[in-house]
Amino acid sequence: MQYPDNLKYTKEHEWILVEGNKAVIGITEFAQSELGEIVYVEVDTVGETIGIDEVFGTVEAVKTTSDLFMPVSGKIIAFNEEIDEKEGDNPAIINEDPYGKGWVIKIEMTDPSELDALMDAAAYQSLVG
């Protein structure tokens with residue numbers, strides 16, 4: 001399993017890639033492997049400012065549905081068209097490339113200091129075993 005060093009991680013299995021005051025958020029390889037085949041992702045919070053640890057969407061797999069949690073506070077500025085059923089409708093790209101093409105949202109961070117509470121790759125790897 002991969003744990004890219006350039007990402008920060010949450011205990012809820014989201015990852016975040018920081019790009020200045022913006023960030024890209026997705027779910028980890030571990031999360032997608034636990035969920036199984038992902039069939040639907042819903043994010044109806046584009047344009048909204050969501051607080052840290054609040055739900056910004058859901059991911060649905062064949063067997064279960066899971067909430068998606070914000071790793072840091074921010075305004076959601078984009079939802080990945082590749083996984084949006086109104087656009088590309090290919091949520092399985094998360095299973096294929098969770099750290100690349102399978103990203104879920106992009107945000108403008110409102111409090112970058114919240115990044116300090118997130119795990120680095122080694123800590124996340126220890127969490128999931």
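Given the criteria among the hydroxyl-bearing types (Ser, Thr, Tyr), in a loop (DSSP other than H, G, I, E, B) and at pLDDT 95 or above, does Tyr99 qualify?
yes
Does Glu54 satisfy being surrounded by fewer than 16 Cβ atoms within 10 Å (Cβ to Cβ), modelled with pLDDT of 95 or more and of a type in the set (Asp, Glu)?
So Glu54 passes the test.
All but one of (1) under 19 Å from Leu7 (Cβ atoms); (2) in contact (Cβ under 8 Å) with a residue 40 or more places away in the chain; (3) surrounded by 15 or more Cβ atoms within 10 Å (Cβ to Cβ) hold for Asp111, so report the exception by its number.
The single condition Asp111 does not satisfy is (3).
Tell me which of these Gly88 doesn't satisfy, since it passes every other one: (1) surrounded by 15 or more Cβ atoms within 10 Å (Cβ to Cβ); (2) more than 18 Å from Gln32 (Cα to Cα).
That leaves (1) as the condition not met.
Taking Val72 as meeting all but one of (1) of a type outside the set (Gly, Ala, Ser); (2) in contact with a Leu (Cβ under 8 Å, 6 or more places away or on another chain); (3) free of Cβ contacts under 8 Å to residues at least 12 places away in the same chain, write down the number of the exception.
Condition not satisfied by Val72: (3).
Given the options Ala78, Ala31, Ala61, Ala92, name the one that is of a type in the set (A, V, I, L, M, F, W, C), more than 14 Å from Lys8 (Cβ to Cβ) and in contact with a helix residue (DSSP H, G or I) (Cβ under 7 Å, 6 or more places away or on another chain). I'd like the intermediate steps shown before the answer.
On the way: Ala78 fails: in contact with a helix residue (DSSP H, G or I) (Cβ under 7 Å, 6 or more places away or on another chain); Ala31 fails: in contact with a helix residue (DSSP H, G or I) (Cβ under 7 Å, 6 or more places away or on another chain); Ala92 fails: in contact with a helix residue (DSSP H, G or I) (Cβ under 7 Å, 6 or more places away or on another chain).
After ruling out the rest, the residue left standing is Ala61.
So Asn6 clears everything in (1) surrounded by 14 or more Cβ atoms within 10 Å (Cβ to Cβ); (2) assigned to a loop (DSSP other than H, G, I, E, B); (3) free of Cβ contacts under 8 Å to residues at least 24 places away in the same chain; (4) not aromatic (Phe, Trp, Tyr) except one condition, right? Which one?
(1)
Restricting to segment 115-129, name every residue that is under 16 Å from the mean Cα position of the chain (by Cα), in a helix (DSSP H, G or I) and crowded, with 16+ Cβ neighbours inside 10 Å.
Matches in segment 115-129: Ala121, Tyr124.
What number of residues within segment 73-93 satisfy the criterion of being within 14 Å of Val24 (Cα to Cα) and either acidic (Asp, Glu) or not in a strand (DSSP E or B) (or both)?
3
Give me a count of the residues in segment 5-32 that are under 14 Å from the mean Cα position of the chain (by Cα) and either over 17 Å from Lys75 (Cα atoms) or hydroxyl-bearing (Ser, Thr, Tyr) (or both).
The number of residues fulfilling the criteria is 13.
This table checks each residue for (1) in contact (Cβ under 8 Å) with a residue 24 or more places away in the chain; (2) farther than 15 Å from Thr110 by Cα; (3) surrounded by fewer than 16 Cβ atoms within 10 Å (Cβ to Cβ).
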site	(1), (2), (3)
Thr10	yes, yes, no
Lys22	yes, no, yes
Ile25	yes, no, no
Thr28	yes, yes, no
Ala31	yes, yes, no
Tyr40	yes, yes, yes
Ile50	yes, no, no
Val59	yes, yes, no
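The values are calculated or read from the model by the stated rules, or taken from the named source; none is laboratory data. Every value quoted in this text rests on a predicted model; they were computed, and no experiment measured them. In this analysis, Cβ positions are derived from the backbone assuming ideal geometry, glycine residues included, and neighbour counts consider all displayed protein chains.
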